[in-house]
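The values are calculated or read from the model by the stated rules, or taken from the named source; none is laboratory data. If you're wondering where the values come from, they're calculated on a predicted model, not measured in any experiment. For neighbour counting, all protein chains shown are included, and Cβ atoms are generated from backbone atoms with ideal geometry for every residue, glycine included.
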Amino acid sequence: MSAAAPGWDRPVDLQKRAAGIPDPDTTDVPTELRAEIEAYMARYPDPRSATLPALEAAQRLHGWCSPEALEQVACVMRLTPAYLESVASFYDMLETSPVGRHAIYVCTNISCSLCGGDALYKAVRDAAAAEPEEFNVRSFECLGACDLAPMASVDGVYVGPLSVADVPRLLDDARARRPVLPDKQLAPRLVADPQANSREFPPHEPQGPAAR
């Protein structure tokens, strides 16, 4: 087991009672979260296939995959919180500790790195360092938008190409809950499909903790 895995060096508490599936009678699950998770479960022959979207829904509501969030998902899906924690701790975009309201992922993979992605990440990280409750800034291996290099994802919205000079405005827009750098967003750009180009994209509204 990798030394980077949380808790790898802690012995198992053999006296601790194993956590079971939460009791629906004593577990308070928000109505909207329950409905969303049940809708995901209905899409698959094996309801466990809905684990990732269910955890993502809980993270949007709580801001991270907290013990309470895992308990609520486990209650609806009839799984153990331990199973859900093992999934959440594996995937990079699921947070298992409290983070800032706005998720800013700066791509530092090869295309973005060659175009200044490393300097961009450092600029965003340093500018946001004084506001850990507001911003969750991370470098990211690849966001699949090399044509926007260097780029970032801000609360799920792709923006780029970016420069260090864009950083103050990017943070100001996120902080004020305005559309982030609308002139550099990916969504409104023309694509090969004429029908797709006819769509109108509404302003981005942060969800979950970012909306608070």
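The residues of the stretch 91-101 that are charged (D, E, K, R) and either in contact with a helix residue (DSSP H, G or I) (Cβ under 7 Å, 6 or more places away or on another chain) or buried (at least 19 other Cβ atoms within 10 Å of the Cβ) (or both), listed by number, are Glu95, Arg101. If the condition is being on the phi < 0 side of the Ramachandran plot, outside any helix (DSSP H, G or I), surrounded by fewer than 18 Cβ atoms within 10 Å (Cβ to Cβ) and touching a residue at least 40 places away in the same chain (Cβ under 8 Å), then the stretch 65-90 contributes Thr80, Ser89. For Ala58, the criteria (1) modelled with pLDDT of 95 or more; (2) surrounded by 20 or more Cβ atoms within 10 Å (Cβ to Cβ); (3) under 26 Å from Leu170 (Cβ atoms) hold in every case but one, which is (3). Taking the stretch 37-96 as the range and being in contact with a Phe, Trp or Tyr (Cβ under 8 Å, 6 or more places away or on another chain) and under 18 Å from Asp23 (Cβ atoms) as the test, only Ala74 passes.
Taken over the stretch 139-159, the criterion of being of a type outside the set (S, T, N, Q), under 10 Å from Val106 (Cβ atoms) and modelled with pLDDT of 95 or more is satisfied by Pro150, Met151, Ala152, Val154. Test Ala127 against the criterion of being at pLDDT 95 or above, touching a His at 6+ places or on another chain (Cβ under 6 Å) and not in a strand (DSSP E or B), and give yes or no. Here the answer is no, as Ala127 does not meet what is asked.
Residue-by-condition table, conditions (1) modelled with pLDDT under 90; (2) outside any loop (DSSP other than H, G, I, E, B); (3) outside the structural domain of Gly117 (by TED's automatic domain parsing); (4) crowded, with 17+ Cβ neighbours inside 10 Å:
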{"site": "Leu170", "(1), (2), (3), (4)": "no, yes, no, yes"}
{"site": "Arg178", "(1), (2), (3), (4)": "no, no, no, no"}
{"site": "Arg189", "(1), (2), (3), (4)": "yes, no, no, no"}
{"site": "Ala196", "(1), (2), (3), (4)": "yes, yes, no, no"}
{"site": "Pro203", "(1), (2), (3), (4)": "yes, no, no, no"}
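With respect to the conditions (1) in a strand (DSSP E or B); (2) touching a strand residue (DSSP E or B) at 6+ places or on another chain (Cβ under 6 Å), Tyr158 falls short on a single one, namely (2).
Scanning the stretch 69-97 for residues that are of a type outside the set (S, T, N, Q) and over 18 Å from Ala57 (Cβ atoms) yields a single hit, Ala82.
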